[in-house]
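The values are calculated or read from the model by the stated rules, or taken from the named source; none is laboratory data. Please read these numbers as outputs of a predicted model, since none were measured by experiment. All Cβ positions, glycine included, derive from the backbone under ideal geometry; neighbour counts span all protein chains shown. Ligands, DNA and RNA are excluded from the accessible area calculation, which covers all protein heavy atoms including side chains. Shrake-Rupley method; radii C 1.70, N 1.55, O 1.52, S 1.80 Å.
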Number of protein chains: 4
Amino acid sequence: MSTIRATVWNEFRHEKASEAIAAIYPNGIHGAIAEGLAEHGIEAHTATLDEPEHGLTDQVLADTDVLIWWGHKAHGEVSEEIVERVQKRVWNGMGLITLHSGHLSKPFKRLMGTSCELKWREADERERLWVVSPGHPIVEGIDEYIEIDEEEMYGEHFDIPQPDELVFVSWFEGGDVFRSGCCFSRGAGKIFYFRPGHETYPTYYRAEIRQVIANAVRWAAPVVRPGRTFGNKKVSLEPIREKGESDRVRMG
Amino acid sequence: MSTIRATVWNEFRHEKASEAIAAIYPNGIHGAIAEGLAEHGIEAHTATLDEPEHGLTDQVLADTDVLIWWGHKAHGEVSEEIVERVQKRVWNGMGLITLHSGHLSKPFKRLMGTSCELKWREADERERLWVVSPGHPIVEGIDEYIEIDEEEMYGEHFDIPQPDELVFVSWFEGGDVFRSGCCFSRGAGKIFYFRPGHETYPTYYRAEIRQVIANAVRWAAPVVRPGRTFGNKKVSLEPIREKGESDRVRMG
Amino acid sequence: MSTIRATVWNEFRHEKASEAIAAIYPNGIHGAIAEGLAEHGIEAHTATLDEPEHGLTDQVLADTDVLIWWGHKAHGEVSEEIVERVQKRVWNGMGLITLHSGHLSKPFKRLMGTSCELKWREADERERLWVVSPGHPIVEGIDEYIEIDEEEMYGEHFDIPQPDELVFVSWFEGGDVFRSGCCFSRGAGKIFYFRPGHETYPTYYRAEIRQVIANAVRWAAPVVRPGRTFGNKKVSLEPIREKGESDRVRMG
Amino acid sequence: MSTIRATVWNEFRHEKASEAIAAIYPNGIHGAIAEGLAEHGIEAHTATLDEPEHGLTDQVLADTDVLIWWGHKAHGEVSEEIVERVQKRVWNGMGLITLHSGHLSKPFKRLMGTSCELKWREADERERLWVVSPGHPIVEGIDEYIEIDEEEMYGEHFDIPQPDELVFVSWFEGGDVFRSGCCFSRGAGKIFYFRPGHETYPTYYRAEIRQVIANAVRWAAPVVRPGRTFGNKKVSLEPIREKGESDRVRMG
């Protein structure tokens, strides 16, 4: 298998606006995630909101096998043109890993077709992500659960379509549950939503979280095959009989 | 169970533009579908593209349990505002039955998150819709297959998300197959895509087709329950302990 | 819609062996469940392990639309013959609601194809069943969650196939989660697994629990349609050409 | 990734009983399949019905990542003990690829929980397997469809649980369709059913068929992670409060 090329996209605003967050992520959230991917042998590039075309030019997307998306407070600043570009690239096979508050990002909402709303609470809550799909490649190397002592809470109802495969379900100290690892496909592209990673916690340095994201990148990488074709297929593959007659056969 | 209220929406253009089609559907495609629903005890109203707000005012949608959508050549004329209104009403529980060429309608594409493209051919082809989900309420009263002697062909790949439940698979004379009866959910709303019904064939007068559409309306009707709530839930349902201490408990 | 006929099956041993449990369920667990169904207009019969053929004669099963199964400590005493009879009746359309410790009952394990094992603990734990499928008919009338102050804990991993539809996810006080409302289909039959109902708690008197079970019975009721046919279909529906020749057509 | 070890199991009776079939598969059907896997870099062993323990000792299964199963006329001769052994090994992570007439094999039926019946016809019929899941790893390198000029027909209804992922749908000349590539999971094991391969046709020499089987083996290989645990978890991960009191906390 050739090397997988991932692009880690981050709106990169919290780290500039808050010293406390910058102290946790001195190289940005994207930097920490890319570092984790590199540890797992994945070629990781980064792109951020304030770059031209948000760093997601046609060429960058064409060269990206899997796009990882972290956004939170600037969803509205992502241009419609880039959103549409990302959506179409997913349809053509690029994987997409949407992290944490990216549930309300424009590309994810467009690809889901739902509001993607949920309940949330910032209360330094314990989260325990239980594996419910024990043979899934995304849990390679992961024990029965991942425990995170302090995280933001996300709770049900999480307004997404029913996942094709549900991989993790989170328990939260305050009494909530959440479908925290969810697989979808859209066109030829595979999508994984993974919940943890609030900007005020060092979640993306944790070994298990890095393992899950790397596993997800491998799972979401495109398969190599001829493109799909659509539209008017005037010539049929098999003969179509003229109706009202019994044996006469014509090619469509 | 109280009476289900369906609204049959039709762009209603083919019937005005073509005498041949008007001869098949003198009361419009919507008229034929509504007549079929009435036969099955469903209260059916109609709405069409050229009415104010396309006939889909807030009040009409609020009073609609299940919306049936037929459109083909005027998808682009449906206003974004109405599309968004339909999408949100589905999220809040209204059922949606998308028929035939409605696969490219704006509401369906927005709810799916995919291109919804497919292969097609107009060649008076035989279609045989095989039931693959034998216990599903949508096939109540339906035999092992429905055979239609002449229809437009739709072929794979049909670019939709994997259906939650696949009910029918079509065989076509010219060598193609198609997932022709597909269930989805989006928010609290249930969606059924049903393939047959090209404007040049009297498909919506057929008893089995009417039966399937009526079954689908019953299946897609909203359930009555309190609305979902989203957003910041500052007060937790269970105590959250201050971290670093063992036994102290605080309410969030 | 004609009246749905449910049969509530209970091994009926705990109630005879323990005065404390008999005090909670003086008419047996089956009696309490049947009473709840009757409140919702469902015709409910009962059957128990120590009756001849465990109360599940061919005639009883033929007359049963939906079978509800509660068993715990006597799974091994259920005869293979009756298990096979139940399995085949499900394949032919009968609904099956498996409750609580019925996860290890022979019919459920045979229909799932997995071990159906799980984690458990008896510790008077709080359970909160969150609705994750807000438009599903099984949650008609149910709020965002059902809270039960004291129940036995069941935790993941629950070794079942991925449900066709996941309706409830439970939060437990002790740190576990559980997929507590799960829909499956097998042949023409629909199956719902519903977690609550340990014998030492009065769970089956609770209004929401009765509501869910009644909803599940309605959801699982058979659809009326011709039976499926299998086996050698020597005569094809369409002509099959002799290979190596172009236009000659023969009926298979 | 380390080398995947596959075991190809064949009942190996047709090849001994029929000269015509032996001429097609001089090294047995298992030999042809194993040869195809070796071409794709997969370490392939074989096992057959008439070997001691059908060639499937505990050690062989422990050393098998993915088991491929071809059986037809001797399903009844496979011992219950070996069937149970295979089922449990699948639960613990071994992949299983069930080919063609293996749909009625004991391990597959046990893992599905359904009758696995279908319609069939031997009429040298053309089959066209359409890809309906374009981003799935099992279709790597495969075009929009695979066309086989002559095969046995299998038709719906195919009595299996709804697949987790549907990868191929077959068109047959005689008017039938079939879900011919189906993914399931049971426990930690992944299962793929793939339809083509009647003993009277040289199907397992075809490049696309070999590609699909090799892809499926890679997809079905186990993930490496700690085993699941089940049973009584007396000690809870979180404190459980004594009910009726507000703040007192005890460890379960």
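The table below gives the values:
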| quantity | calculated |
| --- | --- |
| Residues within the stretch C:128-176 that are farther than 24 Å from C:F108 by Cα and out of contact with any Asp or Glu (no Cβ under 7 Å at 6 or more places or on another chain), tallied | 9 |
| Of residues in the stretch A:97-146 being among the hydroxyl-bearing types (S, T, Y) and away from chain B (no Cβ under 11 Å), the one nearest to A:L166 (Cα to Cα) | A:S133 |
| The stretch B:223-241, residues that are touching a residue at least 24 places away in the same chain (Cβ under 8 Å) and open to solvent by 30 Å² or more (accessible area, probe 1.4 Å) | B:G227, B:R228 |
| Selection status of C:S79, under 24 Å from D:T114 (Cβ atoms) and open to solvent by less than 20 Å² (accessible area, probe 1.4 Å) | no |
| Residue within the stretch C:223-233 that is touching a strand residue (DSSP E or B) at 6+ places or on another chain (Cβ under 6 Å), modelled with pLDDT of 95 or more and assigned to a helix (DSSP H, G or I) present | no |
| Condition met for C:E53 (crowded, with 19+ Cβ neighbours inside 10 Å and either assigned to a helix (DSSP H, G or I) or of a type in the set (A, V, I, L, M) (or both)) | no |
| Counted residues, the stretch B:162-191 - those being closer than 29 Å to D:E147 by Cβ, part of a strand (DSSP E or B) and of a type in the set (G, A, S) | 3 |
| Any hit, the stretch C:192-205, residues being at the interface with chain D (Cβ under 9 Å from one of its Cβ atoms), in a loop (DSSP other than H, G, I, E, B) and touching a strand residue (DSSP E or B) at 6+ places or on another chain (Cβ under 6 Å) | no |
| Only one of C:I29, C:I68, C:I33 that is surrounded by 24 or more Cβ atoms within 10 Å (Cβ to Cβ), touching a helix residue (DSSP H, G or I) at 6+ places or on another chain (Cβ under 7 Å) and outside any helix (DSSP H, G or I) | C:I68 |
| Qualifying residue in the stretch D:148-159 (condition: free of Cβ contacts under 8 Å to residues at least 60 places away in the same chain, within 14 Å of chain A (Cβ to nearest Cβ), open to solvent by 10 Å² or more (accessible area, probe 1.4 Å) and within 23 Å of B:K119 (Cα to Cα)) | yes |
| Residue tally, condition touching a Ser or Thr at 6+ places or on another chain (Cβ under 7 Å) and closer than 19 Å to B:H72 by Cα, over the stretch B:152-177 | 2 |
| Selection from the stretch C:170-188 of residues that are under 17 Å from C:T203 (Cα atoms) and either of a type in the set (A, V, I, L, M) or more than 7 Å from every other protein chain (Cβ to nearest Cβ) (or both) | C:S170, C:F172, C:S180, C:G181 |
| Single match in D:S180, D:S133 (criterion: open to solvent by 10 Å² or more (accessible area, probe 1.4 Å), in contact with a strand residue (DSSP E or B) (Cβ under 7 Å, 6 or more places away or on another chain) and of a type in the set (S, T, N, Q)) | D:S133 |
| Qualifying residue in the stretch A:54-76 (condition: within 25 Å of A:A214 (Cβ to Cβ), within 14 Å of chain B (Cβ to nearest Cβ) and under 12 Å from the mean Cα position of the chain (by Cα)) | no |
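Per-residue answers, yes or no, for (1) under 25 Å from D:D159 (Cβ atoms); (2) touching a Phe, Trp or Tyr at 6+ places or on another chain (Cβ under 9 Å); (3) not polar (S, T, N, Q):
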residue: C:A20; (1), (2), (3): no, no, yes
residue: C:G31; (1), (2), (3): no, yes, yes
residue: C:H45; (1), (2), (3): no, no, yes
residue: C:T48; (1), (2), (3): no, yes, no
residue: C:I68; (1), (2), (3): yes, yes, yes
residue: C:H75; (1), (2), (3): no, no, yes
residue: C:E80; (1), (2), (3): yes, no, yes
residue: C:I97; (1), (2), (3): yes, yes, yes
residue: C:K106; (1), (2), (3): yes, no, yes
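Residues are listed down the side, and each one gets a yes or a no for (1) surrounded by fewer than 24 Cβ atoms within 10 Å (Cβ to Cβ); (2) touching a residue at least 24 places away in the same chain (Cβ under 8 Å); (3) out of contact with any helix residue (DSSP H, G or I) (no Cβ under 7 Å at 6 or more places or on another chain):
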{"residue": "B:R89", "(1), (2), (3)": "yes, yes, no"}
{"residue": "B:L104", "(1), (2), (3)": "yes, yes, no"}
{"residue": "B:F108", "(1), (2), (3)": "no, yes, no"}
{"residue": "B:T114", "(1), (2), (3)": "yes, yes, no"}
{"residue": "B:W120", "(1), (2), (3)": "yes, yes, yes"}
{"residue": "B:L129", "(1), (2), (3)": "no, yes, yes"}
{"residue": "B:P137", "(1), (2), (3)": "yes, yes, no"}
{"residue": "B:E144", "(1), (2), (3)": "yes, no, yes"}
